[in-house]
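Student: Take this structure first; my questions come after.
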Amino acid sequence: MIRYLTAGESHGRALVVVVEGLPAGLVISTDDIAHELTRRRLGYGRGPRMRFEQDQVTLLGGVRHGRTLGSPVAVEIGNTEWDRNPEKWQQEMSPAMADGPTQAPLTQVRPGHADLAGMQKYGFTDARDVLERASARETAARVAAGTLAKALLGTLGVQIVSHVVQMGPAKATGARPGPGDLDRVDENEVRCLDLEAAAAMVAEIKEAAKEGDSLGGVVEAIAYGVPIGLGSHVHWDRKLDAALARAVMSIQAVKGVEIGDGFDVAGRRGSDAHDPLTWTSADGYARGSNYSGGVEGGMSTGEPVVVRAAMKPLATLNKPTLATVDTASKDPGVSFKERTDVTAVPALGVVVEHMVALVLADEAARKFGGDSVEEFVRNHRTFTEALAAGPVGA
Ligand code: EPS
């Protein structure tokens, strides 16, 4: 089973992630991780930090000569802000007692952010003690872990893509992209294949930017080639859709998760809400549609796994207008000003891909096991062959 822990604050020295449970022999490089981190940083609507933050990747352990050793893999993602702006951050975020306390505590908490609840829960008087970890910068560490998960899934032929389907009020229509289609996506743009919708999305972002406001939206991730039988119907905490929902909901600012056409089918009749089955001797089973998003009874069906995530507009506004209270003086006011993004919805797509990859890799490791990649792949092949030859068939 694949476990991982992330640590690190948004403006600290670095983020780190330790991934345990990967088999030996997985081909991985710092370039692979850096590539995915770059995709996460780009996307139209990001703030100025994303242009100068460089995500310096170091593999600290678990990889030798380009392959995993079966030991925990540790990845460090250095914050270039730390070195670029030493006067600003190195004392403010220093672990040493002698460097504190801060001269500039943040007390005008942002409505909708973790600030107030975090201060109340942990007994802090400076919102920075909360916001540094609540920041979506932490998703860089998850994407690094997810790159390893994607590589493992790649040995089984699984491919995961994502696209933006809604930005504020602007919605995309049209077909779900296939594995190769996303090659056409410009990672600097809104990451939407419906070009008319993409233009409307850019217009929405420009408009919100002008007003110092922020935008939410919806992304969709699709995993192709997922083996039949990941997850299980037998117990609530073994259901694949439940694991996906938890993982995706845990991403900063996500307020809704949908598997397949979950919310849409709720409004239909049963006769029009399920995926009809056919069987031919040449191709085995086929489903005429994929309303279920590739998961039935908590198990993968072999159809593409489809996960959608709704992100609220970021609570940090470039022009703060939401009413708040200063936690020190209790005076009314507007929240403190933080540099921020107009929207992080395109980046969310990349993060969802990697959280989906981590869940699917965990479930695949649980089902197929193996200490080496060779054994993992062999066990998958044996299962697939036995399934095709078995009484129910594939
Ligand atoms: C964020 C605010 C911005 C974003 C940051 C998340 O950072 P800063 O306040 O330093 O300009 O750039 O996102 C990232 C750093 C990242 O890597 O995604 C926030 O308020 O959460």
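Student: Name the residues in segment 327-359 that are within 12 Å of the ligand (Cβ to nearest atom) and within 30 Å of L22 (Cβ to Cβ), would you?
Tutor: A344, P346, A347, L348, V350, V351 - these are the residues of segment 327-359 that are within 12 Å of the ligand (Cβ to nearest atom) and within 30 Å of L22 (Cβ to Cβ).
Student: Right, here's the next one. Any idea which of (1) over 18 Å from L358 (Cα atoms); (2) buried (at least 20 other Cβ atoms within 10 Å of the Cβ); (3) not aromatic (F, W, Y) is the one E187 doesn't satisfy?
Tutor: So E187 meets the others, but not (2).
Student: Taking only segment 225-260 into account, find how many residues are within 19 Å of V161 (Cβ to Cβ) and surrounded by fewer than 18 Cβ atoms within 10 Å (Cβ to Cβ).
Tutor: So the count comes out to 1.
Student: On the given criteria, is G100 under 23 Å from L131 (Cα atoms) and not acidic (D, E)?
Tutor: Details: under 23 Å from L131 (Cα atoms): yes; not acidic (D, E): yes.
Criteria met by G100.
Student: Continuing with this model, one more query. Strands (runs of 3 or more DSSP E) wholly in segment 1-101 with at least 3 residues that are of a type in the set (A, V, I, L, M, F, W, C), under 22 Å from the mean Cα position of the chain (by Cα) and buried (at least 18 other Cβ atoms within 10 Å of the Cβ) - which ones?
Tutor: On the way: elements: 3-7, 14-20, 56-61, 73-78.
Passing ranges, in order: 14-20, 73-78.
Student: Restricting to segment 69-87, give me the number of residues that are among the hydroxyl-bearing types (S, T, Y) and in contact with a Gly (Cβ under 6 Å, 6 or more places away or on another chain).
Tutor: The first filter runs over segment 69-87 and keeps only residues among the hydroxyl-bearing types (S, T, Y), leaving 71, 80.
Within this subset, residues satisfying the condition of being in contact with a Gly (Cβ under 6 Å, 6 or more places away or on another chain) are 71.
Total meeting the criteria: 1.
Quick grid of which residues meet (1) at pLDDT below 95; (2) hydrophobic (A, V, I, L, M, F, W, C); (3) in contact with a Gly (Cβ under 9 Å, 6 or more places away or on another chain):
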| position | (1), (2), (3) |
| --- | --- |
| A286 | no, yes, no |
| Y291 | no, no, yes |
| T301 | no, no, yes |
| T327 | no, no, no |
| G333 | yes, no, no |
| K337 | yes, no, no |
| L348 | no, yes, yes |
| F368 | no, yes, no |
| F376 | no, yes, yes |
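Student: If you don't mind, there's one more thing I want to ask. Identify, please: which residue in segment 25-54 is touching a residue at least 40 places away in the same chain (Cβ under 8 Å) and hydroxyl-bearing (S, T, Y) and is, among those, farthest from the ligand (Cβ to nearest atom)?
Tutor: This residue is Y44.
Student: So, G267, is that one out of contact with any Leu (no Cβ under 8 Å at 6 or more places or on another chain), on the phi > 0 side of the Ramachandran plot and surrounded by fewer than 20 Cβ atoms within 10 Å (Cβ to Cβ) or not? Let's see the steps before the verdict.
Tutor: Details: out of contact with any Leu (no Cβ under 8 Å at 6 or more places or on another chain): yes; on the phi > 0 side of the Ramachandran plot: no; surrounded by fewer than 20 Cβ atoms within 10 Å (Cβ to Cβ): yes.
Considered against the rule, which asks whether it is out of contact with any Leu (no Cβ under 8 Å at 6 or more places or on another chain), on the phi > 0 side of the Ramachandran plot and surrounded by fewer than 20 Cβ atoms within 10 Å (Cβ to Cβ), G267 comes out as no.
Student: For segment 259-267, indicate whether the set of residues that are away from the ligand (no atom under 16 Å from the Cβ), of a type outside the set (A, V, I, L, M), closer than 22 Å to S300 by Cβ and assigned to a strand (DSSP E or B) is non-empty.
Tutor: No, there is no match, as no residue in segment 259-267 is away from the ligand (no atom under 16 Å from the Cβ), of a type outside the set (A, V, I, L, M), closer than 22 Å to S300 by Cβ and assigned to a strand (DSSP E or B).
Student: Moving on. Does segment 152-184 hold any residues that are at pLDDT 95 or above, within 21 Å of V356 (Cβ to Cβ), part of a loop (DSSP other than H, G, I, E, B) and touching a Leu at 6+ places or on another chain (Cβ under 8 Å), and which are they?
Tutor: Selection gives T155, V158, A172.
Student: Spot the failing condition for W89; the list is (1) within 27 Å of V248 (Cα to Cα); (2) within 10 Å of the ligand (Cβ to nearest atom), and only one is missed.
Tutor: Condition (1) is where W89 drops out.
Student: Considering segment 125-163 alone, what residues qualify as being of a type in the set (G, A, S) and more than 18 Å from E53 (Cβ to Cβ)?
Tutor: First pass over segment 125-163, keeping only residues of a type in the set (G, A, S): 127, 134-136, 140-141, 144-146, 149, 151, 154, 157, 162.
Within segment 125-163, A127, A145, G146, A149, A151, G154, G157, S162 qualify.
Student: Identify all residues within segment 103-128 that are part of a loop (DSSP other than H, G, I, E, B) and either modelled with pLDDT under 95 or within 16 Å of the ligand (Cβ to nearest atom) (or both); write none if there are none. Working first, answer last.
Tutor: The initial filter retains those residues of segment 103-128 that are part of a loop (DSSP other than H, G, I, E, B), namely 103-107, 109-114, 123-127.
Passing the criteria: Q103, A104, L106, V109, R110, P111, G112, H113, A114, D126, A127.
Student: Another question, then. Can you spot a residue in segment 272-290 that is free of Cβ contacts under 8 Å to residues at least 12 places away in the same chain and in contact with a Ser or Thr (Cβ under 6 Å, 6 or more places away or on another chain)?
Tutor: yes
Student: Give the residue that is surrounded by the fewest Cβ atoms within 10 Å (Cβ to Cβ), with candidates limited to residues of segment 127-173 that are without any contact (Cβ under 8 Å) to a residue 24 or more places away in the chain and closer than 24 Å to K312 by Cβ.
Tutor: Residues of segment 127-173 that are without any contact (Cβ under 8 Å) to a residue 24 or more places away in the chain, as a first pass: 129-130, 154.
Restricting the remaining residues to those that are closer than 24 Å to K312 by Cβ gives 129-130.
On the way: D129: 18, V130: 22.
Within segment 127-173, the match that is surrounded by the fewest Cβ atoms within 10 Å (Cβ to Cβ) is D129.
The values are calculated or read from the model by the stated rules, or taken from the named source; none is laboratory data. Predicted model only: the values in this text are computed from it and were never measured. Don't worry about glycine lacking a Cβ; one is built from the backbone with ideal geometry, like all the others, and counts go over all protein chains shown.
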